[in-house]
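Chemist: Before I ask anything, here is the structure I am working with.
Each reported figure results from applying straightforward, stated rules to the coordinates on display, with no laboratory input. Note that this is a predicted model, so its numbers are computed, not measured. Ideal geometry is used to build each Cβ from the backbone, glycine not excepted, and the neighbour counts take in all protein chains shown.
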Amino acid sequence: MNGNYLLDTNIVIALFDDDINVVNNIQNADSVYVPSIVIGELYYGAYNSVKQKENIEKINGFRNDASILNCDADTGNYYGKIKKGLKDKGNPIPENDIWIAALATQHDLELVSRDKHFEKIDNLKVTKW
């Protein structure tokens, strides 16, 4: 499996848990990126966890090695289009996920997620590992 992928939070968590399917797919990918939004969601989870220090250290190590994509003004344009499209269809999804979808669309990346609601977004390439 070759390709250029953007990882959702649930996929990074699966990677942290050594999910063999995720590990193998990442090893066979051409390039893998992580949205800055996902980093924020990971830290939020860590600060809410019982193993706060351990989880924060894991995220710190991961982010040092990850190719992280940040939002910019162009991302905002994609965000606006996606959110309007979802509103018109009556299919809202979480705000952070709209930003993640916007980054994937902006950079022409396939989004890897286990969340079905991403399928509601027109012209978003989504795969499940």
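Chemist: Identify, please: which residue in the range 104-124 is under 24 Å from residue 43 (Cα atoms) and touching a Ser or Thr at 6+ places or on another chain (Cβ under 6 Å) and is, among those, surrounded by the fewest Cβ atoms within 10 Å (Cβ to Cβ)?
Modeler: The residue in question is 110.
One line per residue, one yes/no per condition, for (1) farther than 17 Å from residue 129 by Cβ; (2) touching an Asp or Glu at 6+ places or on another chain (Cβ under 8 Å); (3) of a type in the set (Lys, Arg):
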residue: 4; (1), (2), (3): no, yes, no
residue: 23; (1), (2), (3): no, no, no
residue: 46; (1), (2), (3): yes, no, no
residue: 81; (1), (2), (3): yes, no, yes
residue: 90; (1), (2), (3): yes, no, no
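Chemist: Sticking with this one: Residue by residue through the range 19-60, note down the ones that are in contact (Cβ under 8 Å) with a residue 60 or more places away in the chain and either in a helix (DSSP H, G or I) or over 30 Å from residue 2 (Cβ atoms) (or both).
Modeler: 21, 22, 25, 37, 38 - these are the residues of the range 19-60 that are in contact (Cβ under 8 Å) with a residue 60 or more places away in the chain and either in a helix (DSSP H, G or I) or over 30 Å from residue 2 (Cβ atoms) (or both).
Here is a yes/no grid of residues against (1) among the charged types (D, E, K, R); (2) out of contact with any helix residue (DSSP H, G or I) (no Cβ under 7 Å at 6 or more places or on another chain); (3) assigned to a loop (DSSP other than H, G, I, E, B):
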site	(1), (2), (3)
85	no, yes, no
91	no, no, yes
96	no, no, no
100	no, no, no
103	no, no, no
111	no, no, no
114	yes, no, yes
122	yes, no, yes
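Chemist: Here is a follow-up. Which pairs turn up if I take residues in the range 113-125 that are without any contact (Cβ under 8 Å) to a residue 60 or more places away in the chain and look for partners that are of a type in the set (S, T, N, Q) and buried (at least 17 other Cβ atoms within 10 Å of the Cβ) with beta carbon separation below 7 Å, at least 6 apart in sequence or on another chain?
Modeler: Taking only residues 6 or more apart or on different chains, the pairs are 123/105; 124/105.
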